[in-house]
Amino acid sequence: MNHYVVLWKAVRSSGFLLFPWGHCPWRGTGSLLDPKMKAFLEENTEVTSSGSLTPEIQLRLLTPRCKFWWERADLWPLRDPYWAIYWPGGQALSRYLLDNPDVVRGKSVLDIGSGCGATAIAAKMSGAFRILANDIDPIAGMAITLNCELNQLNPFPILIKNILDLEQDKWDLVVLGDMFYDEDLADSLLQWLKNCFETHRTQVLIGDPGRPQFSGHSIQHQLHKVAEYSLPEPTRQDNNGLTTSTVWQFQP
Ligand SMILES: C[S@@+](CC[C@H](N)C(=O)[O-])C[C@H]1O[C@@H](n2cnc3c(N)ncnc32)[C@H](O)[C@@H]1O
């Protein structure tokens, strides 16, 4: 599978596999990590901290030194591995949280669409009091668990569920890295974030590298630019045409 095929598939995919234990919404890191799946993830990813905006965070990712980077896409046995990529939106957001710990210190933080978990990990490193990493992919939950261990962090809870269907909890800060890659998802997120802001006055930070589904969305009228980062060369190469990534505050 060529890396770009994986990325392309990941970006376009919206169908989700159900795992037998997928109904269990709360999962503490380290718990119930299936040994076979753990071995599969360890064998088919590489631990890396280079090539991103946050070299202080180690992650298990799909890299050119992994077998499936080069294999045919249809040989990959799981759903598309969003969690095996550190997306440019998440990189900017994580960099921002690491450089501005006051934004998260002592606060409750929800990372929606956490993927590899880097932004939740950055929030933890910067002193967040309570963290929830959320994704709809159970394998992302396992990857986040492994990535927490890699960074010697005490575990934080992981919610494997479409949080947009749930009643809203109160969070001080909601972060979303590279979540605006699909128009329908962008519409649902906007509605959810608006409710969250109106009900709880929650602060919302969005990391995005200028994807058309974000730049052309009506959410643009409700954003304030917080920081912009030049992407490292390896990230540019993996994300054809993208050169910067921006952190936005959502202000409806
Ligand atoms: C492009 S990746 C971004 C991952 C990570 N935030 C980053 O920047 O590296 C998008 C992630 O959102 C997850 N996702 C998609 N729809 C979701 C939903 N409704 N609720 C939670 N997660 C979702 C996907 O499984 C995927 O892991």
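None of the figures in this text is laboratory data; all of them are computed from the coordinates on show. Computed from a prediction, not measured in an experiment: that's the story for all the values here. All Cβ positions, even for glycine, are placed from backbone atoms using ideal geometry, and neighbour counts span all protein chains on display.
A few comments on the model shown:
- Evaluated over region 199-252, the Cα radius of gyration and Dmax, each in Å: 12.7, 41
- Per residue, the convex hull spanned by the alpha carbons of the chain comes to 114 Å³.
- Of all lysines in the structure, the ones whose alpha carbon falls short of 24 Å from that of Lys38, not counting any fewer than 8 places away in one chain, are Lys9, Lys67, Lys124, Lys161.
- Once C-alpha pairs closer than 8 Å and six or more residues apart are averaged by separation and normalised to the residue number of region 113-252, the relative contact order reads 19 percent.
- Dipole size of the chain about its Cα centre, with +1 on Lys/Arg Cβ and -1 on Asp/Glu Cβ: approximately 280 debye, rounded to the nearest 20.
- Scalar couplings 3J(HN,Hα) for region 182-193, obtained by applying the Karplus form with A = 6.51, B = -1.76, C = 1.60 to θ = phi - 60°, are 9, 5, 5, 4, 4, 4, 5, 4, 4, 4, 5, 5 Hz; x denotes Gly and Pro.
- Note on region 103-226: with charges restricted to the Cβ of Lys and Arg (+1) and Asp and Glu (-1), its dipole about the Cα centre is near 620 debye.
- Multiplying the residue separation of Met37 and Leu75 by 0.36 nm and removing their Cα-Cα distance gives an extension gain of 12.1 nm.
- Extension gain, Asp187 to Leu150: 0.36 nm times the residue separation minus the Cα-Cα distance gives 9.8 nm.
- Estimated [θ] at 222 nm from DSSP helical runs (n ≥ 4, -39500 (n - 2.57)) normalised by residues in the chain, nearest 500: -9500 deg cm²/dmol
- Prolate/oblate/rounded call for region 33-162, Cα gyration tensor, a/c under 1.5 rounded: prolate
- Between the exposed loop cleavage positions of the chain, defined as chymotrypsin sites (Phe, Trp or Tyr not before Pro) in a non-H, G, I, E, B DSSP state with at most 15 neighbouring beta-carbon atoms within 10 angstrom, the longest gap is 130-252.
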